[in-house]
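Please read the structure below before turning to the comments.
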Amino acid sequence: MARREIFAGNWKMYKTHQEALDLAQGIRAWTTTGIGNREVIIFPPAPYAKAVAELCRGSRIDVGMQNMHFEQEGAFTGEVSPPMVRDCGCRYVLIGHSERRHVFGETDDDVNKKVIAAFKSDIEPVVCVGELLEEREKGLTNEVLRRQVEKAFTGIGAGRMKKVIIAYEPVWAIGTGKVATPETAEEAHGYIRKVVKNLYAADTADSLPILYGGSVKPDNIAGLFCMANIDGVLVGGASLKVDSFLEIIRVK
Ligand code: PGA
């Protein structure tokens with residue numbers, strides 16, 4: 001089945017206001033043609049999300065927030081609520097990125113609450129899963145992926161599942177330059193799709209976009225993107241420059 005093809009850039013905690021606008025403008029300018037049906041999503045830092053979303057209006061680029069709280073509002077100093085994410089013009093939100101899980105202690109339960117909260121505010125979740133190096137070395141990869149997927153979507157019906165994007169990001173590959181081999185990534189993607197199939201149905205699993213993330217660069221994208229179960233990528237470092245991100249988006 002033909003699935004959506006999605007190229008996402010996670011800018012993390014980089015860029016000034018002007019640099020963010022320049023980068024978004026550059027991507028916008030070069031994606032007006034020549035990308036077929038490919039979808040482009042950028043995740044700027046929260047303070048710039050609204051300005052970047054305004055700049056991208058009417059273009060091929062959608063904008064998302066890198067994180068949000070699961071409550072609608074409240075005394076949560078420093079947090080961003082789902083209605084605020086919407087208000088900023090974001091269609092998407094990244095949930096459970098490995099840096100959120102491992103640097104900020106986010107749990108599977110938090111991830112589930114955020115997925116539920118995203119739908120409540122009409123935001124489409126891009127849910128990140130992935131194993132640590134020690135988990136892979138102990139042969140626990142599938143177990144970890146199954147647990148993360150099952151927990152993330154508890155209480156989410158098949159209808160909503162059609163709006164979900166999953167990103168497989170092995171923690172050992174993020175920001176390390178150690179990209180997973182296409183075969184290793186493909187195996188994990190196939191397994192994630194199988195878990196979703198067991199939870200929902202074959203058509204839900206077949207249409208689910210699963211992105212790979214972790215040291216994606218212009219020189220390794222071709223090998224990854226040609227794999228059957230890799231429907232796009234979530235790019236960190238290489239999405240911070242127009243040229244390298246575009247080279248990735250335009251992979252043959
Ligand atoms: P990287 O980051 O491409 O810099 O490894 C990927 C991510 O964290 O989403």
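Only the coordinates and a few stated rules stand behind these numbers; no lab work does. The model shown is predicted, which means the values in this text are computed figures rather than measured ones. Neighbour counts run over all protein chains shown; Cβ positions are idealised from the backbone, glycine included.
Taking only the Cα atoms of region 149-252, how large is their convex hull per residue, in Å³? Mind dumping the intermediate values first?
Working: hull volume 10.6 nm³, N = 104.
Roughly 102 Å³ of hull volume per residue.
What are the lysines whose alpha-carbon lies under 20 Å from the alpha-carbon of LYS114, with same-chain residues fewer than 8 places away excluded?
Result set, ordered by chain and number: LYS12, LYS151, LYS162, LYS163.
Could you work out the relative contact order of the chain, using alpha carbon pairs under 8 angstrom and six or more residues apart, expressed as a whole percent? Mind dumping the intermediate values first?
On the way: 483 pairs, mean separation 52.4, N = 252.
Across the chain, relative contact order equals 21 percent.
Give the span of region 194-252's Cα atoms along each principal axis, as three whole-Å numbers ordered largest to smallest.
39, 20, 14
Under the Kirkwood approximation for Rh and a Cα-based Rg, what ratio Rg/Rh is obtained for the chain?
A ratio of 0.93.
Cross-link candidates for LYS217: which lysines have Cα within less than 16 Å, leaving aside residues fewer than 8 places away along the same chain?
The qualifying lysines are LYS178, LYS241, LYS252.
Residue-wise, which Karplus ³J(HN,Hα) couplings in Hz belong to region 104-120, taking 6.51 cos²θ - 1.76 cosθ + 1.60, θ = phi - 60°, and x for glycine or proline?
3J(HN,Hα) across region 104-120, in whole Hz: 10, x, 5, 9, 4, 5, 4, 4, 4, 4, 5, 5, 4, 5, 4, 5, 4.
Give me Rg over Rh for region 69-117, both radii from the alpha carbons and Rh done the Kirkwood way, two decimal places.
Working: Rg = 10.8 Å, Rh = 11.4 Å.
Using Cα coordinates only, the ratio equals 0.95.
Suppose only helical runs count, i.e. DSSP H with n ≥ 4. What mean residue ellipticity at 222 nm does that imply for the chain under -39500 (n - 2.57) per run, divided by all residues and rounded to the nearest 500 deg cm²/dmol?
Counting only the DSSP helices, I get -11500 deg cm²/dmol.
Across region 212-220, in residue order, what do the Karplus-derived ³J(HN,Hα) couplings come to in whole Hz, using 6.51 cos²θ - 1.76 cosθ + 1.60 with θ = phi - 60° and x for Gly and Pro?
Once θ is set to phi - 60°, the couplings for region 212-220 become 9, x, x, 6, 6, 9, x, 8, 10 Hz.
Which aspartates and glutamates, on any chain, are close to LYS194 with Cα under 18 Å apart, when same-chain ones fewer than 8 places away are left out?
GLU131, GLU143, GLU150, GLU169, GLU183, GLU186, ASP203, ASP206, ASP231
At 1.002 mPa s and 20 °C, plugging the Kirkwood radius over alpha-carbon pairs of region 103-152 into Stokes-Einstein gives what diffusion coefficient in µm²/s? Present the calculation step by step, with values, prior to reporting the outcome.
Numbers: Rh = 11.9 Å.
Estimated diffusion coefficient is 181 µm²/s.
Where the centroid of each part is defined by its Cα atoms, how far is region 189-252 from region 54-72 in Å?
Each part reduced to its Cα centre gives a spacing of 20 Å.
Mean 1/r over all different Cα pairs, inverted: what Kirkwood radius does region 31-71 give, in Å? Let's see the in-between values first.
Values: mean 1/r = 0.0885 Å⁻¹.
11.3 Å is the Kirkwood radius here.
Treating only the Cβ of Lys, Arg, Asp and Glu as charged (+1, +1, -1, -1), what charge dipole size does region 6-249 show about its Cα centre? Round to the nearest 20 debye.
On the way: 28 positive and 32 negative charges, 81 e Å.
The dipole of region 6-249 has a size of about 380 debye.
What list of ³J(HN,Hα) couplings, whole Hz, do you get for region 166-179 from phi and the Karplus terms 6.51, -1.76, 1.60, once you set θ to phi - 60° and write x for glycine and proline?
With the stated coefficients, region 166-179 comes to 10, 10, 8, 10, x, 4, 5, 9, 7, x, 9, x, 9, 5 Hz.
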